[in-house]
Amino acid sequence: MPLNIGVLALQGDFQEHRAVLEKLGAHVTEVRLPHQLEGLDGLVIPGGESTSIVKLANRYDFPDALRRFVDEGGAVWGTCAGMIVMASKLVEPELEPFSLMDITVSRNSFGRQVDSFETDIPMDGIEGGPVHAVFIRAPSVQEQGEGVECIAKLDDGTPVAVRSGKLMATAFHPELTPDTRVHELFLRLTAGELSPA
């Protein structure tokens, strides 16, 4: 049975995630309303504009529905802006994140669009060499709570991917490269094939 994976399709690069997940054999639903979370095994919150995603999500009462989804065992992966909205706290307080994961995140941690960069980083749970990571106006994890594991960091030690149970967040955009291994990791996480973080 293929996994049922939703991609939050309020704003951002949800179509790129959908293409990779379908290539890997998942059944993918574009989620625009909270009731569409029903029956899903996992959800991807894509990169995009975090302020727009939060405003639209609040308009449709998504935060409470997402917290219920997590409480009931659903897996969630946030990329870039998705990491921001999953956080429990932001260094910049002008946005209220959804508190899905016990992390403190700094938005645009590496600067503006012109400061975007790419680099290769090893990632726990992924074999076959480092992952090529694309950072676009990327956030970073400043603090992580008990039970949150850093699974990838930059050479200077900055955490850029974290995991807690069936929750995962990456500051970079795996959907923008041909490497499908991070998506495969999320599918294994969703299926319960990884040991608890």
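Read-outs throughout are calculated quantities, based only on the coordinates presented, and are distinct from any laboratory measurement. Bear in mind the structure is a predicted one, so any value in this text is a computation, not a measurement. Using ideal geometry, Cβ is built from the backbone for each residue, glycine included, and neighbour counts are taken over all protein chains shown.
Data for the structure
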item: Residues with amide H under 5 Å from that of residue 110, placed H, sequence gap 5 or more; result: 138
item: Helix-derived mean residue ellipticity, 222 nm - over the chain, DSSP H n ≥ 4, -39500 (n - 2.57), to 500; result: -6500 deg cm²/dmol
item: Extended-chain gain in nm, criterion 0.36 nm per residue less alpha-carbon gap, residue 142 and residue 154; result: 3.0 nm
item: Charge context of residue 61, other residues only, Cβ under 13 angstrom, K/R +1, D/E -1; result: +4
item: Dipole magnitude of the range 128-197 about its Cα centre (Cβ charges: Lys, Arg +1; Asp, Glu -1), debye to nearest 20; result: 140 debye
item: Candidate aspartates and glutamates - alpha carbon under 15 Å from residue 23, same-chain residues fewer than 8 apart omitted; result: 175, 179, 184
item: Length released on extending from residue 64 to residue 27, taking residue separation times 0.36 nm less the Cα-Cα span; result: 10.9 nm
item: DSSP beta bridges in the range 69-169 [antiparallel fraction, %, rounded to 5]; result: 75 percent
item: Shape box of the chain [Cα atoms, principal axes, largest first, Å]; result: 41, 40, 32
item: Partner lysines for residue 89 [C-alpha distance under 26 Å; skip if fewer than 8 residues away on the same chain]; result: 55, 153, 166
item: J(HN,Hα) series, the range 158-167, from Karplus relation 6.51 cos²θ - 1.76 cosθ + 1.60, nearest Hz, glycine and proline x; result: 5, x, 10, 8, 9, 9, 8, x, 9, 10
item: Share antiparallel - DSSP beta bridges, the chain, percent rounded to 5; result: 50 percent
